[in-house]
Each structure stands twice: as C-alpha cells, then as structure tokens.
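Here is the structure we will look at, set down as structure tokens.
The values are calculated or read from the model by the stated rules, or taken from the named source; none is laboratory data. The structure displayed is predicted, hence computed values, not measured ones. Glycine also receives a Cβ, built like all others from the backbone with ideal geometry; neighbour counts cover every protein chain displayed.
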Amino acid sequence: MTDTTLHAALGAPTSDDALYRKVFWRLVPLLFACYIVAYLDRVNVGFAKLQMLADLQFSEAVYGAGAGIFFIGYFIFEVPSNLILNKVGARRWIARIMISWGIVSAAMVFVNSATSFYVLRFLLGACEAGFYPGVILYLASWFPAARRGAILAGFITAVPVAGMLGGPLSGAILNGFHELGGYAGWKWLFVIEAIPSVIAGFCVLAFLKDSPEKASWLSPSERHTIAHAVRSEAARVHSHKISAAFSEPRVWLLSLIYFGVVMGSYGIGFWLPSLIAALGVKDALQIGLWSALPNAAGIVGMIAFARSSDRRRERPLHVAFACLLGATGLVGSVLSGSSVPLAMAFLTLATFGIYAALPVFWTIPPRFLAGAASAAGIALINSIGNLAGFVSPSIVGWIKQTTGSANNGLYVIGVCLVTAALLLAVFRKRLSTPTAS
C-alpha cells in the first residue's frame, strides 16, 4: 500500500493524518511480514501435498484431517494466548509465537506417518494460537475505530500476498530442490519456509513496542494524541471484563459469521493448488504461477472494501456483499467444467470476495468490546471461526476421496458464505451499535 493510497484510505484529511501514517509505517510492515511467513507455514502443506501424499502413501482424507487438525490446537490455546498477550505485552508474546511455530514447522521434515503428521500439525496450531487476534488487539490500541479498516487491510493483505508469492516460491522449491541431498522437495519446502519465521520473531523483539506510551520514536505530544483517542473510545464501551466476552450475544453471532468466512478462506488456501491441478495443470511451478492470480485479486479486494467501508462508516453490509461474491466465484468455478481460463476467472472472483471480507470484519468487535473483554472476545471469535479451518479441508478431502471430485465440497463452502452474508444483513444494525441496546 503506497503512502498516497493509505492517505486516501484514512478518509478526509485531518491534522492527525501524518501522525497515523507515521505509526502505520513503523508497525504494520513488520507485522505484515510476520503474517506472510505465518500464513506460508500454515498453508504450505497444500503444496507439499503434491509430492507428500505419494511419498508417504497418504489418502486425501488423511491429508484433509492433517491440514485441518492445526485448528484444533489453535482453538484450544487461542483465548489463553490472547489473555497472556494482553497481560505481558505484544512484543514478547508475538516473538515467542513466531519462534516456536518456526521450529515446529521445520520439524515437519520428520513426518513419516499419519500420526506424526497429525501431531505436528496440532502443535503448529498450538504454537501459532494468539498471533492473529493478538495483532488485531494490538493495532486497536494504536488506531481509533474510524481508521481501522484501512489499517487492518494493510496487515491482512499479507494473506493473499503470501499466496501470490508463496505459490511460485513453493512450486520452485518442490521442483528445484527435489532429491537434493537425498531429500524430497516437500521436506525442503518445510525447512526453507520455516527459517524466516524464526528470524522475524527476533525482529519483533528488537523493534516492536507494546503501547504508544512506550514508543520512544514518538514525541510526548504524539504519544498523548494516540493514547487519548484510544482511551476515549474505550471509555464509551461498556464491556471491559473478561466475562463480557462470553455473555455478549454479538460475540457468538460474529463467531458463527466468521466460521462461514473462514470456510471460504481455507477452502481457497488449502485446495487452490489441487483445484488448479484438477484443471489439467500438472507442473508444480505452473500451478504456483496460476495461483498467484487469484491472490493478487484478493489484495485488490481487501484494499478496495476497506477503503469503502472506512469512507462510508459501514461494516456489516460490506462483509456480506464480499461473502456473496466469494460464494458466486466458488460455484462458478465448479460450473466452468474443464475450461481453465473460465474456472480461473471464477476462482479469482471467489478469492477477491473472500479476502475482501476479512479486514472489514475485524473492525466490528472493537465497537462493543474493550480491555480484557476485547482480548478474550476477539480471540474467542477467531478460535471458533477458525474451527472452519479444520472442517473445510476435512469436508473437501472426504468428499473428494468419496466422489473423486471436490465439486460438492465447494458447494458446501458456498452455502456457508451465503449463510454468513444473510446473518450480517439481518443483524447489521445491532452489529453497528457501539454498545448493547
């Protein structure tokens, strides 16, 4: 995102625009890089699958369960992790998360059975738990609500960027490193893509500050401006206690909605390489290059919808429309038959819509949660929603193994996205209200 684009995304010019651009460029690029390597380590199993299944004699169902079991560990440790982050500070806890998941991701090289595959994927989820909601919570402590759509888009565009860059990179590693030193390309893939996670963890320790008050790179007046804006908003929110995260109906509603969004996100993330291969593209590098196109569209979708929602001060309907675009794209890709250009066009539309929903969605919870309630609530929404990361690949894997095609699995994901859109439309006024009525 360029400086001009960010300026436009932040809305009408104010005297504080320069200050918030300064904060953006200090914090978001590092967190953006962290999320790229995190997402690569989470979904590179989709590319490893192209070789790993044959090497280890895994079925599609074993792959789907292993890809998804990551989210069981993620679910169990998500809320505790975010509460610890809220207590000890983002710098140390995010660094711990990144270094530990890098080590576990590299250990995937030792997978030799379905059991070891399941165990390491579970541990990877447990290690990474808290990163995403922790960053959402952390950025909410620096930026007021009116600016968060563009800010979160700047961070979450790491997902499609990881797909756009990671696809060709993963394909090149699979091809170029296969049998190097006697090791399969998929083993090299896990090791090479794990190293940046550990490096990024140490960078977080060196450069991240826990709060505006501790930012020596801001002047005293700048620190006061940011802290005052965030505290003033938090004071208008009634739900501060941890218990509010579990008693607030909107938290559970958003958890259900996010489940539908994540069904689409990981349907794309885990199965895009296989969907492209099913269209007749067999070379791993070519699959990687084809996968870059939908992810590039996802970047455009995130930025465009975030800017629009900030400008219009409207969130739920933006997310709902994005979900409908995602569902349309997935169903259209199934109906395209064997036409690679047409199917890729629909997969591109699906990725555009699904990824566009993400940054706008995460502007909603801080409107009615603050303090410890925000830490617990955001983590709870993310953990329940990310159970779809287990359900989505498991369903598609089981359906593909049973029927020989992933088509019916994509229909299921499309229904989940449409359901999320309907819930957002029906409850849009309640989700737009800062405090409980």
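For the reader, a short list of remarks on this structure follows.
- Residue count for the stretch 37-50, restricted to those that are β-branched (Val, Ile, Thr) and either surrounded by fewer than 23 Cβ atoms within 10 Å (Cβ to Cβ) or more than 30 Å from Phe117 (Cβ to Cβ) (or both): 0
- Consider the stretch 56-72 and keep the residues that are touching a helix residue (DSSP H, G or I) at 6+ places or on another chain (Cβ under 7 Å) and surrounded by fewer than 22 Cβ atoms within 10 Å (Cβ to Cβ). The one that is modelled with the lowest pLDDT is Glu60.
- Residue count, the stretch 2-55 (criterion: in contact with a Phe, Trp or Tyr (Cβ under 7 Å, 6 or more places away or on another chain), of a type in the set (Asp, Glu) and modelled with pLDDT under 75): 0
- Considering the stretch 359-372, the residues that are in a helix (DSSP H, G or I) and modelled with pLDDT under 90 include one that is surrounded by the fewest Cβ atoms within 10 Å (Cβ to Cβ), namely Gly371.
- Picking from residues in the stretch 279-293 that are part of a helix (DSSP H, G or I) and modelled with pLDDT under 75, the one that is nearest to the chain's Cα centre (by Cα) is Gly288.
- Identity of the residue in the stretch 303-327, touching a residue at least 40 places away in the same chain (Cβ under 8 Å) and over 19 Å from Leu254 (Cα atoms), that ends up farthest from the chain's Cα centre (by Cα): Arg311
- Those residues of the stretch 176-207 which are assigned to a helix (DSSP H, G or I) and aromatic (Phe, Trp, Tyr), in sequence order: Trp186, Trp188, Phe190, Phe202, Phe207
- Look at the stretch 122-138: where a residue is part of a loop (DSSP other than H, G, I, E, B) and a partner is β-branched (Val, Ile, Thr), sitting 6+ places away or on another chain with Cβ atoms under 9 Å, you get Ala129/Ile76; Ala129/Val79; Ala129/Ile97; Gly130/Val79; Gly130/Ile84; Gly130/Ile94; Gly130/Ile97.
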